[in-house]
Amino acid sequence: MSDARTGAAGRGSSVLQAGARGLGRWWHVCTRSPRAEATCIGVLSAVAVVALWQVASTRWLPSILFPTPLRTLEAWAAMVWEGVLPYHVVVSLVRIAAGFVVGTLIGVPVGLAMGLFPPVLILLEPYVQFFRFVPPVAWIIPAILWFGIGETSKIFLIFYTTVFLVLFNTMVGVSAVARNQIRSAQCFGASRRQLFLWVSLPGTLPYVLTGMRLAMGNSFAAVVGAEFIAAQSGLGFLIVDSGTWMATDRMFAGMLTLGLLGILTDQLFHAASARWASRYLLLP
Amino acid sequence: MIGGKRSAGLRGLGYAVSILVVLGLWQYLSRRAIIPLLFPSPLSTLHVGLELARKGQLQADLWASLGRILAGFTLGSAVGVAAGILMGASRRVRLLLEPYLHFLRFLPALAWIPAVMLWLGTGEGAKIALLAYTTVFIVALNTMVGVARVPRNQVRAARSFGAARRQIFFLVTIPATVAYMLTGMRLAMGNCFMTVVAAELVASDSGLGYLIFSSRQWMQTELAFVGIFLLGFLGLIADHMFRMTSTRLLWRYEGASGSRTTR
Amino acid sequence: MAYITFRGIDFRYGPKGPLTIRGFDLELRRGEFFMLVGPSGCGKTTVLNILAGFEAPTAGEVFVDGTPVPGPRRDRIVIFQEPDSLYPWLTALENVEFPLRVLGVGRSERRARAGEALRLVGLRGHETKHPGQLSGGMKQRVQIARALVLDAPIILMDEPFGALDAQTRIILQDELAQIAVRTRQTILFITHDIHEAIFLADRIGVMTAGPESALKKVVEVELPRPRTRGSAAFGELYEHVHQILSEEVRRVLRREDSLL
């Protein structure tokens, strides 16, 4: 193995040997246990996708239309540094928060009322069952006509998204309370108030939380849609505006942020539920 | 909850009363509203709707939207079912694809509209691609869950009868998963309406979304209301059809009444 | 005078349904342990639900201590076959405290009495577990503890051990027998299991097959307590009740056959 004998070809083959040995060792590590295999496949697939993306955007597609992963990350960092991204994100989040809070505050009591009192159910059910199928984005045009291009129109859309989902899930939750739970409480002489506060409400809580989680997820889509069509700020505006100026790297960065935000809020929701409402989420 | 045949009739009556009351109230209030332009009455909306139908424009927009949805939905469902089955059957495939499923679940089709418009223009192809995207993930996820939830004893029973793996796959796994596929498709359909409307609002010259959009151009709010009502009815009919299919045609496939869901 | 009286009870579901129960008459003495057995679908649970106040009879009356039954009340506590009446978000202790909480009993007294009830059913140490963490047998014990904590005079048990494995069932029967002797409540217990009936009951009522079922025969169980399952007297009684019951079960099977 003296240097005089290896030369260029020798060096090449030793690289190959090292590579093959490394590959072999990696394979050995990966197939050692199912968990290891899962992680390895995950890593491999992530690397593969990014690599594919890189190759696609540099070799196969015009890079102006399809930014490379690197450029996307650069654009992302630049926008954060400039404060552009945080600003638009906060704008969108505020709209979502406002609409979500109002929607929940109205959706839960109405859903409870519909679940507990047949007259209320009969009164409101046709509308709930109908407007459930009208997507929130459809309302953006009337909302602009009524409320102008300001914040209210978007908050209205989020409110609409939230209230139906929360209401519907709450309503379903009330009827999901086991009949025997109510009967045994009746045996114990519980008043209607006690039945409501101590049996119906805790039993409905998991459904309310599901409705809220679904509403949160849908709210992102709704706000982005609204911001495409009629806004001068917000994450949706950022995306569509970047697209208009062919700044595809910023556009991708915006989309990435949207996805991450969705995941983040969903995780936060799960964590909050686990921390404060875990006993109500226990299965019988 | 209320039950029984007589109560169902009473319930229907209750609905009718409720709807009539609200319509009446709406009619009354919109007459006295400050700017009738902003909030047209039900009669005025109906009038405009009938006008459009007479001219054939309503039908054109309706079919435009429906056509796009059907094309994209079918494509997405086919790919979704195939992917879901593959992921359910092979642990490796599942590990490979599942992370993307879960990430892209949080990137709604809506978000891709500007990008897809840049790449594919504003034609039908772009919209169909978006609709396929909307459909594929939910269908794949639900199908995958369905394959995993095939009762183990059903597979074991087949094995004890000497069934080969391929037979088990086609005679046990697939039938047991049908209900889940249908649930995924029903959920995806709802999202398709959202995507198609958004796409048509942003860049289109036909379809229900465009109809709603045009209300701003022509300063005729009735157009938006017509579009919204049609969307609601379409959604109701589509959902109803899915449930009918589950209960009438596919009742023998366990759980096909749409009670299992993943979102 | 009888403590609980069923007089001429008829029952049908809905205005046009068939008559499930017809002309059901029964008198229960105060403090007795009464088992109701019968073939499937004969309406045993309906009888219990009527006494509990969950359902109203189509005709006839039910009296407790001379007064007609108004609806569910604290004097009649039900123990259901499925433990889905327990509240999953409460611990075992909190579940047993629940009836006291409804009454407005103070926290420390509640805790003490509930703890005592749980100890009585052998669940000491499991107070902080939630129903989801308990086995089927333990859940049923929580239900029993919950019924005992109120000291209700009447306890209605709807096949409470039906969903449990045979060994757990025997253990719970033993425990229930001891508790019943000590607390002397009036108990109406529904079961399919004749052995269970003979082991626990003072009297056994056999119902006819439905529809339009009624009480066929009441058998006195005069075996001394504590009872041994394998004794000759036990076996004789078993044969006796079995004969009465199997006639009815055969009628049900014959009807199902003829429907095919």
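Look at B:Trp112 and say whether it is within 12 Å of chain A (Cβ to nearest Cβ), touching a residue at least 12 places away in the same chain (Cβ under 8 Å) and under 24 Å from A:Gly254 (Cβ atoms).
The answer is yes for B:Trp112.
All but one of (1) out of contact with any strand residue (DSSP E or B) (no Cβ under 6 Å at 6 or more places or on another chain); (2) of a type outside the set (Asp, Glu); (3) surrounded by fewer than 16 Cβ atoms within 10 Å (Cβ to Cβ) hold for C:Gly53; state the number of the condition that does not hold.
All conditions are met except number (3).
Going through C:Leu100, C:Leu86 one at a time, which residue ends up being in contact with an Asp or Glu (Cβ under 9 Å, 6 or more places away or on another chain) and surrounded by 15 or more Cβ atoms within 10 Å (Cβ to Cβ)?
C:Leu100
Yes or no: B:Met219 modelled with pLDDT of 90 or more and either in contact with an Asp or Glu (Cβ under 9 Å, 6 or more places away or on another chain) or farther than 23 Å from B:Ala78 by Cβ (or both)?
no
From the residues in segment A:222-237 that are over 15 Å from B:Gly209 (Cβ atoms) and of a type in the set (Val, Ile, Thr), which one is nearest to the other protein chains (Cβ to nearest Cβ)?
A:Val224
Being over 30 Å from B:Gln217 (Cβ atoms), modelled with pLDDT of 85 or more and in a helix (DSSP H, G or I) is true for just one of B:Leu50, B:Leu75. Which residue is that?
Numbers: B:Leu50 fails: over 30 Å from B:Gln217 (Cβ atoms).
B:Leu75 is the lone residue from the list that is over 30 Å from B:Gln217 (Cβ atoms), modelled with pLDDT of 85 or more and in a helix (DSSP H, G or I).
Testing A:Ile149 on (1) assigned to a helix (DSSP H, G or I); (2) more than 8 Å from chain B (Cβ to nearest Cβ), one condition comes back false. Which one is that?
(1)
Does segment C:222-230 contain at least one residue that is out of contact with any helix residue (DSSP H, G or I) (no Cβ under 6 Å at 6 or more places or on another chain) and among the β-branched types (Val, Ile, Thr)?
Scanning segment C:222-230 turns up at least one residue that is out of contact with any helix residue (DSSP H, G or I) (no Cβ under 6 Å at 6 or more places or on another chain) and among the β-branched types (Val, Ile, Thr).
Please indicate, with yes or no, whether at least one residue in segment C:102-114 is of a type outside the set (S, T, N, Q) and under 23 Å from C:Arg169 (Cα atoms).
Looking for residues that are of a type outside the set (S, T, N, Q) and under 23 Å from C:Arg169 (Cα atoms), one finds none in segment C:102-114, hence no.
Filtering segment C:150-186 down to residues that are of a type in the set (Asp, Glu) and touching a Ser or Thr at 6+ places or on another chain (Cβ under 9 Å), which residue is surrounded by the fewest Cβ atoms within 10 Å (Cβ to Cβ)?
First, the residues of segment C:150-186 that are of a type in the set (Asp, Glu): C:151, C:158-159, C:165, C:174-175.
Filter once more, keeping what is touching a Ser or Thr at 6+ places or on another chain (Cβ under 9 Å): C:151, C:158-159.
Values: C:Asp151: 12, C:Asp158: 21, C:Glu159: 19.
Checked segment C:150-186; the qualifying residue surrounded by the fewest Cβ atoms within 10 Å (Cβ to Cβ) is C:Asp151.
Any chance segment B:82-105 includes a residue that's polar (S, T, N, Q) and surrounded by 14 or more Cβ atoms within 10 Å (Cβ to Cβ)? Break it down stepwise before answering.
Residues of segment B:82-105 polar (S, T, N, Q): B:90.
From what is left, the residues that are surrounded by 14 or more Cβ atoms within 10 Å (Cβ to Cβ) are none.
No: segment B:82-105 contains no residue that is polar (S, T, N, Q) and surrounded by 14 or more Cβ atoms within 10 Å (Cβ to Cβ).
Filter segment B:196-224 for residues that are assigned to a loop (DSSP other than H, G, I, E, B) and either facing chain A (nearest Cβ under 7 Å) or within 14 Å of B:Gly123 (Cα to Cα) (or both) and give the result. Let's see the steps before the verdict.
Going residue by residue through segment B:196-224, those that are assigned to a loop (DSSP other than H, G, I, E, B) are B:203-207, B:218-220.
Once the filter is applied, which keeps residues that are assigned to a loop (DSSP other than H, G, I, E, B) and either facing chain A (nearest Cβ under 7 Å) or within 14 Å of B:Gly123 (Cα to Cα) (or both), segment B:196-224 yields B:Ala203, B:Ser204, B:Asp205, B:Ser206, B:Gly207.
State whether one or more residues within segment A:140-154 are assigned by TED's automatic domain parsing to the domain that holds A:Ala215, of a type in the set (Asp, Glu) and either closer than 30 Å to A:Val240 by Cβ or touching a Cys at 6+ places or on another chain (Cβ under 9 Å) (or both).
yes
Here are the criteria: (1) within 22 Å of A:Ala78 (Cα to Cα); (2) within 8 Å of another protein chain (Cβ to nearest Cβ); (3) buried (at least 21 other Cβ atoms within 10 Å of the Cβ). Tell me which single one A:Gly259 does not satisfy.
Condition not satisfied by A:Gly259: (3).
Give the number of residues within segment B:92-135 that are in a helix (DSSP H, G or I) and within 16 Å of B:Phe193 (Cβ to Cβ).
11
Tell me yes or no: at least one residue of segment A:200-211 is within 22 Å of B:Gly209 (Cβ to Cβ), assigned to a helix (DSSP H, G or I) and within 11 Å of chain B (Cβ to nearest Cβ).
Going through segment A:200-211, the residues within 22 Å of B:Gly209 (Cβ to Cβ) turn out to be none.
Scanning segment A:200-211 turns up no residue that is within 22 Å of B:Gly209 (Cβ to Cβ), assigned to a helix (DSSP H, G or I) and within 11 Å of chain B (Cβ to nearest Cβ).
Of the residues that make up segment A:109-121, is at least one in contact with a Lys or Arg (Cβ under 7 Å, 6 or more places away or on another chain) and either within 14 Å of chain B (Cβ to nearest Cβ) or closer than 24 Å to B:Phe213 by Cβ (or both)?
Checked segment A:109-121: no residue is in contact with a Lys or Arg (Cβ under 7 Å, 6 or more places away or on another chain) and either within 14 Å of chain B (Cβ to nearest Cβ) or closer than 24 Å to B:Phe213 by Cβ (or both).
Those residues that are free of Cβ contacts under 8 Å to residues at least 24 places away in the same chain, of a type in the set (D, E, K, R) and either assigned to a helix (DSSP H, G or I) or under 20 Å from C:Ile77 (Cβ atoms) (or both), I need them from segment C:117-146; list them, please.
Within segment C:117-146, just C:Arg119 meets the criteria.
Under 6 Å by Cβ, and 6 or more places apart or on different chains, what pairs join a residue from segment B:226-246 that is over 16 Å from B:Asp61 (Cβ atoms) with one that is assigned to a helix (DSSP H, G or I)?
Close Cβ pairs satisfying both conditions: B:Ala238/B:Met189; B:Phe242/B:Arg186; B:Ser246/B:Leu182.
Of the residues B:Val172, B:Val178, only one is buried (at least 16 other Cβ atoms within 10 Å of the Cβ), among the aliphatic types (A, V, I, L, M), at negative phi and touching a Leu at 6+ places or on another chain (Cβ under 9 Å); which?
Within the list B:Val172, B:Val178, the selection yields B:Val178.
Consider A:Asp266 carefully, then state whether it is surrounded by 21 or more Cβ atoms within 10 Å (Cβ to Cβ) and either more than 8 Å from chain B (Cβ to nearest Cβ) or within 14 Å of A:Leu93 (Cα to Cα) (or both).
Spelling it out, it is not the case that A:Asp266 is surrounded by 21 or more Cβ atoms within 10 Å (Cβ to Cβ) and either more than 8 Å from chain B (Cβ to nearest Cβ) or within 14 Å of A:Leu93 (Cα to Cα) (or both).
The values are calculated or read from the model by the stated rules, or taken from the named source; none is laboratory data. Just so it is clear, the structure is predicted and the values come from calculations on it, not from any experiment. For neighbour counting, all protein chains shown are included, and Cβ atoms are generated from backbone atoms with ideal geometry for every residue, glycine included.
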